[in-house]
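Undergrad: Following this message is one structure expressed as structure tokens.
The values are calculated or read from the model by the stated rules, or taken from the named source; none is laboratory data. All figures in this text were calculated on a predicted structure; none of them were measured in a lab. Neighbour counts run over all protein chains shown; Cβ positions are idealised from the backbone, glycine included.
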Amino acid sequence: MRAARFHRLVGLLVAAAAAAPAGPVRADNPARQPPFRILHVMSYHSPWRWTDGQLEGFREGLGDVPVEMRVSQMDTKRNSTPAAMERAGREARAIIQQWKPDLVYTSDDDAQEYVTRHYLNQDLPFVFSGVNKDPALYGFTGSRNVTGVVEQEHFLESVQLLRKLAPGVRRVAVVFDDADMWRPVEERMRAAARLLPEVHIGPWDTLRTFEEYQRKIREYGSTVDAVALIGVFGFQDAAGRNVSYQEVLRWTAENSSLPDLSFWIDRVHYGTLCAVTVSEREQGLAAGRIARGILVDRKPPSAFPIQTTGKGLPVINLARSRKLGLMPSSGVLLSAEVITGYDWDVK
């Protein structure tokens, strides 16, 4: 379903580009005119709700602005070696050089590291979304041509939702893979954990292999009451193959007796019990509105302060809740989005 929706979106973009009158190359032309060329560099891949939802939100934020859009997928969740990411970044930069877009929309951290930071303080405007790290680490603070939207997870709210489902939770382990993007997330979580005096957050485990993850999940059954599954993309199997996060979460749902939480709705679709989610649509929507202001109102990117989106959505997987023997109250169910099954069961 999500793949079909994304392909329909791409089809609409292609159709709009075909119907629009041809225009001159405008990347070095300060008097830009529609239809505007926008290159979207996504760190990850499609179909995936997180990346597709940001693009849909971005397009919504643009409104009726005539655009010709291209999408470059870096695919760094499935190809995460430094060489692969650098190659993907070079390919995106080559598109910029050859196609000369009027604006580049970059989503998530890897696109900032391997693409956006190469263009600091140049004429080409960049708008980002879904960024976990401090934008200053990429040199964005004070840059005249880069702005966008930072991703802020809803940790306190997610723990509070988990405890409404499982009131006995007092100890929560936290799991990361070893990707750099999780370091600022962990810092924010540790700071927020001080506001939860009734819950002990820890251990804070960084894991590298799927075998190590499986062993830890089994150990947690006798040491903690719940698990926060944050970084689950970088685990490798015995052959050195990257294990997909869907496979990791399915194994967890089928083998763990502990309630768990995360921050993204796609995790709940694949068996995580609950989340107060970061909205991919809100991230893209905010970025699209900024892009519209740059292209249509001709405001410089520096006129738009880097922002965060505050809206979070409570989400519960009812099938997982039942498997764990938890019975959500009607109040909790009415206040949350309820997912009734697992995505791997969808035919």
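Undergrad: Within the range 202-254, which residues are among the aliphatic types (A, V, I, L, M) and more than 23 Å from Met189 (Cβ to Cβ)?
TA: Answer for the range 202-254, where residues must be among the aliphatic types (A, V, I, L, M) and more than 23 Å from Met189 (Cβ to Cβ): Ala238, Ala239, Val243.
Undergrad: Here is a follow-up. Need the failing condition index for Gln246 against (1) surrounded by fewer than 20 Cβ atoms within 10 Å (Cβ to Cβ); (2) more than 18 Å from the chain's Cα centre (by Cα); (3) closer than 27 Å to Leu326 by Cα; (4) touching a residue at least 40 places away in the same chain (Cβ under 8 Å), just the number.
TA: Just one mismatch for Gln246, condition (2).
Undergrad: Within the range 114-137, which residues are of a type outside the set (Val, Ile, Thr) and closer than 15 Å to Ile294 by Cβ?
TA: Across the range 114-137, the qualifying residues are Tyr119, Gln122, Asp123, Leu124, Pro125, Phe126, Phe128, Ser129.
Undergrad: Could you list, in sequence order, all residues of the range 290-310 that are surrounded by 13 or more Cβ atoms within 10 Å (Cβ to Cβ), part of a loop (DSSP other than H, G, I, E, B) and in contact with an Asp or Glu (Cβ under 9 Å, 6 or more places away or on another chain)?
TA: The one that is surrounded by 13 or more Cβ atoms within 10 Å (Cβ to Cβ), part of a loop (DSSP other than H, G, I, E, B) and in contact with an Asp or Glu (Cβ under 9 Å, 6 or more places away or on another chain): Thr309.
Undergrad: For Gln236, all conditions in the list (1) out of contact with any strand residue (DSSP E or B) (no Cβ under 7 Å at 6 or more places or on another chain); (2) surrounded by fewer than 18 Cβ atoms within 10 Å (Cβ to Cβ) hold save one; what is the number of the exception?
TA: All conditions pass for Gln236, except number (1).
Undergrad: Please count how many residues of the range 76-87 are without any contact (Cβ under 8 Å) to a residue 12 or more places away in the chain, small (Gly, Ala, Ser) and surrounded by 13 or more Cβ atoms within 10 Å (Cβ to Cβ).
TA: 1
Undergrad: State whether the residues of the range 105-121 include one that is in a loop (DSSP other than H, G, I, E, B) and surrounded by fewer than 24 Cβ atoms within 10 Å (Cβ to Cβ).
TA: yes
Undergrad: When you go through Glu91, Glu56 one by one, which is the residue that is part of a helix (DSSP H, G or I), charged (D, E, K, R), at pLDDT 95 or above and closer than 23 Å to Glu153 by Cα?
TA: Glu56
Undergrad: Looking at Gln98, Gln152, Gln73, which one is within 30 Å of Ile316 (Cβ to Cβ) and surrounded by fewer than 24 Cβ atoms within 10 Å (Cβ to Cβ)?
TA: Answer to the selection: Gln152.
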